[in-house]
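First up is the structure itself, then whatever we jot down about it.
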Amino acid sequence: MSATHKRILSLLCAVLFIPVCFGAKPAMISEAEAKEAGLAQINMVFGVKETNAKVDYGERPRINFDNKEEALKEKEEPLRFYSVTTYDEKTGHRRFAAEVNAETGIVYSVEMDRRYLPELTAEQKKQTDTMSLLDDAAMTAFKTEQENGKAAAEGAVSAFFQPKTPILGTIQGSIYSDDLLLPVVEMDYYVVLQDGTIYYVIIAWPYRKVVSVSNWIETNTFGG
């Protein structure tokens, strides 16, 4: 387990978790309801107007926290979800995606394909050129950008996912890029809420734009 994950688990030790027992297979929402919920969340988070999507059903093991040596254990009942994905009609490329809990109808994950980020403005290109110098001034400036990214991550969670739940703390994860992203850099954050929910948020710099938000517990499977 990575150091970041251990820090997240340490924060969660202070939060009360109430186990939920599952009996018979619960009722599920329809594909049409999942599509409506997924599209609504995609449009709200990313400020777009997607109207059509492909819906697929899936399952993954649930996880549970306890205070024993093995902190994560699979529950018997899987997480049942719908994937809601929109595509570019001309190219067939994926544009946006969401995951919807098939039992509750709650959308817990949204993401945009990075190829649909807009062209950098002249000012943004200047920022990336300055940062590539890797001098002290550039590094100091980038620390400010990391703090701005943290604020954007927390803002997205509060505005679009759990507006009534206080934030317990936010942990900065990694900073990365690749040949397809450059000169864009992605910064990720783990936003831990008071009720124990963790949201994993990715910010694209220099846009300062949210490109992915997901409930970290719902979208990950861990070994016991």
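Side notes on the structure shown:
- The range 85-124 versus the range 153-210: alpha-carbon centroid distance in Å: 16 Å
- Spin-label pair Arg60/Ala27, simplified geometry with 7 Å Cα→Cβ offset, distance in nm: 2.7 nm
- Pairwise label distance in nanometres, Glu103 with Thr128, each label 7 Å out on the Cα-Cβ vector: 4.3 nm
- Label sites at Glu147 and Ser174, each approximated as a point 7 angstrom past Cα along Cα to Cβ, lie 2.6 nm apart.
- Between Thr121 and Ala40, the FRET efficiency estimated from the beta carbon spacing at R0 = 22 angstrom works out to 0.15.
Bear in mind that the values in this text are calculations on the coordinates, not laboratory data. This is a predicted model, so every value here is computed, not measured. Cβ sites come from the backbone with ideal geometry, for glycine too, and all protein chains shown count toward neighbours.
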